[in-house]
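Engineer: Encoded as structure tokens, here's the structure I'll be asking about.
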Amino acid sequence: MIGSEALVRSLVTSGVDVVFGNPGTSEMHFVATLDAVPEMRGVLALFEGVATGAADGYARLRESPAAVLLHLGPGLGNGLANLHNARRSRAPVVAIVGDHATYHKQYDAPLESDIDTVARNVSTWIRRSMRPEDAGRDAAAAVAAAFGPPGQVATLILPADVSWSEGGSVAAPAPRRPREAVSAAMLDTVATVLRSGERTAFLLGGSALTARAIGAASRISQATGAEVLGETFPARIERGAGVPVIQRLAYLAEMAAGQLDGLRHLILVDTKAPVSFFAYPGKPSDLVPEGCDVIVLAGGGDDAAAALEALATELGAHPIAVSDHPTPDRPSGELGAESIARAIGALLPEGAIVSDEANTSGTFLPTFTAGAPRHDWLTLTGGSIGQGLPVAVGAAIACPDRPVLALEADGSALYTLQSLWTMAREQLDVTTVIFSNRRYAILRMELARVGATASGQRALEMLDISPPDIDFVALAKGLGVPATRPERAEAFVADLERAFSEPGPHLIEAVIPSLF
């Protein structure tokens, strides 16, 4: 058995049965192996950033690793932005990077590069298989490392001659580390703080944003008066009917500081203490109020939901009745960010998965979707734009029985628009809404917030993506996705309803005024 077959079969044995990829010459034996191992599904992307983002989206929903196949150092580099987001989402991803044959590297061929250094930006687990005999064991080890907990990007580098040479064998799955139980002493410490009567808040992230964990935190809140917040950009949060609504920490540092102002205790549950996304003149980077104690109830390797439930039991917090928020009426009139949010809240199907990269146009979405049927919401975890469409691809492949809605800002969409081709090729049930305000609105807002005074034509042109106006309908159709451009809210509602009811991908371009 050649090394690539041993690697692929070992991935399957370890529970990885999808590989997203954009391969090249050094990965051809891996590609050929897909015919010999039908249990492994190969999904082609036209750009590495689509493949890496799709692996992230898949892993967030399945909570098990996806594999992504990349071509040498430049291919890894092209996919790095969405591997950065995957690292921040703590998604379990196995990145398989082909390399030159071991004996060929000495010649410094045109595509030779330092793959390990590139990978270190997103991976703490990096291994190079040096013999076909190692490939299967290394694959199993990579899967176990990616699982964590917490999940991570595990990078396995596969030289071409190791891939094509005989001597490989299938490896058994490597042992996986379970989540740890939070100690009784920590539960007692937190319970004492909650009984003190001093102003306290929970900040939930990661695995603490399931319906189960949110429900337990809300029980504690009702019993003690503690506030409950979610991290700004969660990898996945369960929302909708029957789930208590929690506020997410604001993106803008001054608004987040206002939410936290006056706290005496901040209890972290599978997240980090909040900091400003960027440095701003005269504003603090650390958002924890002065004099506030920070307590880590559960870290990334702990069973956060069980800890919250145990804490609720210790505090005698009883189950609570969840008051469902009303579903908005279908909007009419002019089309804008608010009417789109109302339409989504009115029409979102049961079990939907929302990949949200609406950015500044998404301001109204949390309010109008709070009462929608139960759904999952995925956000831009690492801040590197171009994530929304690829994550939607991965989510749709992970959960083919659930509708996926991609909410995408126009500027961000252009980073990874090739995702639409993969949606069409795989006939994925993804509805994409493009918020087309024809500018980088987030950067116009940041221009003022960092204290820059530029307001002339040359500076503002760097923050505007019109003219020429980008025709997303034509682009989508060219990539195989049916598309429409409604002009009023009533037409948008009709297009969205039709997209949800028909199988396969659809795109709706909504030309709207900018909020900033």
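All of the numbers you see were taken from the coordinates with simple rules; none came from a lab. Predicted, not measured: the structure shown is a model, and the values here were computed from it. Cβ sites come from the backbone with ideal geometry, for glycine too, and all protein chains shown count toward neighbours.
Engineer: Along region 29-34, what does the Karplus equation 6.51 cos²θ - 1.76 cosθ + 1.60 (θ = phi - 60°) give for ³J(HN,Hα), rounded to whole Hz, x for Gly and Pro?
Structural biologist: 6, 4, 4, 4, 5, 4
Engineer: Taking the Cβ of each residue in R177, R90 as the centre, tally the other Cβ atoms inside 10 Å and list the residues starting with the fewest.
Structural biologist: The most exposed by this proxy come first: R177, R90.
Engineer: Pop the C-beta distance of A32 and D116 into the FRET formula with R0 = 22 Å and round what comes out to the nearest 0.05.
Structural biologist: 0.25
Engineer: Let me ask something else about it. Going by how many other Cβ atoms sit within 10 Å of their own, how do S221, S339, S169 line up, fewest first?
Structural biologist: On the way: S221 21, S339 24, S169 15.
With the fewest neighbours first, S221, S339, S169 line up as S169, S221, S339.
Engineer: What does the charge add up to near V404, with Lys and Arg as +1, Asp and Glu as -1, over the other residues with Cβ less than 10 Å from its Cβ?
Structural biologist: Here the count lands on -1.
Engineer: Add +1 for every Lys or Arg and -1 for every Asp or Glu among the other residues with Cβ under 14 Å from the Cβ of T117, and state the total. Kindly include the intermediate steps, with their values, before the conclusion.
Structural biologist: Details: positive: R120, R128; negative: D99, E112, D114, D116.
Counting the neighbours of T117, the net charge comes to -2.
Engineer: Counting only helical runs of four or more DSSP H residues, what would the 222 nm mean residue ellipticity of the chain come to if each run contributes -39,500 (n - 2.57) and the total is spread over all its residues?
Structural biologist: Working: 21 runs with 196 residues, N = 516.
Calculated from helices alone, the mean residue ellipticity at 222 nm is -11000 deg cm²/dmol.
Engineer: Using Cα centres only, tell me the gap between region 190-220 and region 486-506 in whole Å.
Structural biologist: 39
Engineer: Further question: I320 to S501: extension gain in nm, 0.36 nm per residue of separation minus the Cα-Cα distance?
Structural biologist: 61.7 nm
Engineer: For region 3-164, what does the relative contact order come out to in percent, with C-alpha contacts under 8 Å and a separation of six or more?
Structural biologist: Over region 3-164, the number comes to 29 percent.
Engineer: Now, a different point. Across region 353-358, in residue order, what do the Karplus-derived ³J(HN,Hα) couplings come to in whole Hz, using 6.51 cos²θ - 1.76 cosθ + 1.60 with θ = phi - 60° and x for Gly and Pro?
Structural biologist: 3J(HN,Hα) across region 353-358, in whole Hz: 10, 10, 9, 9, 10, 6.
Engineer: Could you grab the relative contact order for region 221-288? Cα pairs under 8 Å, six or more apart, rounded to a whole percent.
Structural biologist: 25
Engineer: If you add up the charges near R342, with Lys and Arg at +1 and Asp and Glu at -1, over every other residue whose beta carbon is less than 15 angstrom from its beta carbon, what do you get? Each step should come with its number before you reach the end.
Structural biologist: Values: positive: R330, R488; negative: D329, E334, E338, E490, D495, E497.
Computed value for this residue: -4.
Engineer: Additional query: Under a Cβ-only charge scheme (Lys and Arg +1, Asp and Glu -1), can you give me the dipole magnitude of region 184-314 about the Cα centre, in debye to the nearest 20?
Structural biologist: In total the dipole reaches around 320 debye.
Engineer: Here is a further query. About the Cα centre, and with charges only on the beta carbon of Lys, Arg (+1) and Asp, Glu (-1), how big is the dipole of the chain? Nearest 20 debye, please.
Structural biologist: The dipole magnitude comes to about 500 debye.
Engineer: How about region 428-509: which GluC sites (Glu not before Pro) there lie in a loop by DSSP and see at most 13 other Cβ atoms within 10 Å? Don't skip to the end; give the middle numbers.
Structural biologist: Details: sites: E446, E461, E487, E490, E497, E509; in loops: E487.
Taking region 428-509 and a limit of 13 other Cβ atoms within 10 Å, the loop GluC sites (Glu not before Pro) found are E487.
Engineer: Please figure out what share of the DSSP beta bridges in the chain is antiparallel and state it in percent, rounded to the nearest 5.
Structural biologist: Looking only at bridges with both residues in the chain, the antiparallel portion is about 10 percent.
Engineer: A follow-up question, please. Under the definition of Cα pairs under 8 Å and six or more residues apart, what whole-number percent is the relative contact order of region 184-314?
Structural biologist: Here the relative contact order equals 31 percent.
Engineer: Here is a further query. Decide, for region 102-201, between rounded, prolate and oblate: order the square roots of the alpha carbon gyration tensor eigenvalues as a ≥ b ≥ c, take rounded if a/c falls under 1.5, and otherwise choose prolate if a/b is larger than b/c, else oblate.
Structural biologist: Oblate is the answer for region 102-201, as a/c is 1.5 or above yet b/c matches or exceeds a/b.
Engineer: In whole Hz and in residue order, list the ³J(HN,Hα) couplings for region 73-81 that follow from phi through the Karplus curve 6.51 cos²θ - 1.76 cosθ + 1.60, θ = phi - 60°; x for Gly and Pro.
Structural biologist: Listing the rounded values in order: x, x, x, 4, x, 5, x, 5, 4 Hz.
Engineer: Further question: Residue farthest toward the positive end of the dipole of the chain, with Cβ of Lys/Arg at +1 and Asp/Glu at -1: which of S412, T13, M186?
Structural biologist: Working it through, the farthest residue towards the positive pole turns out to be M186.
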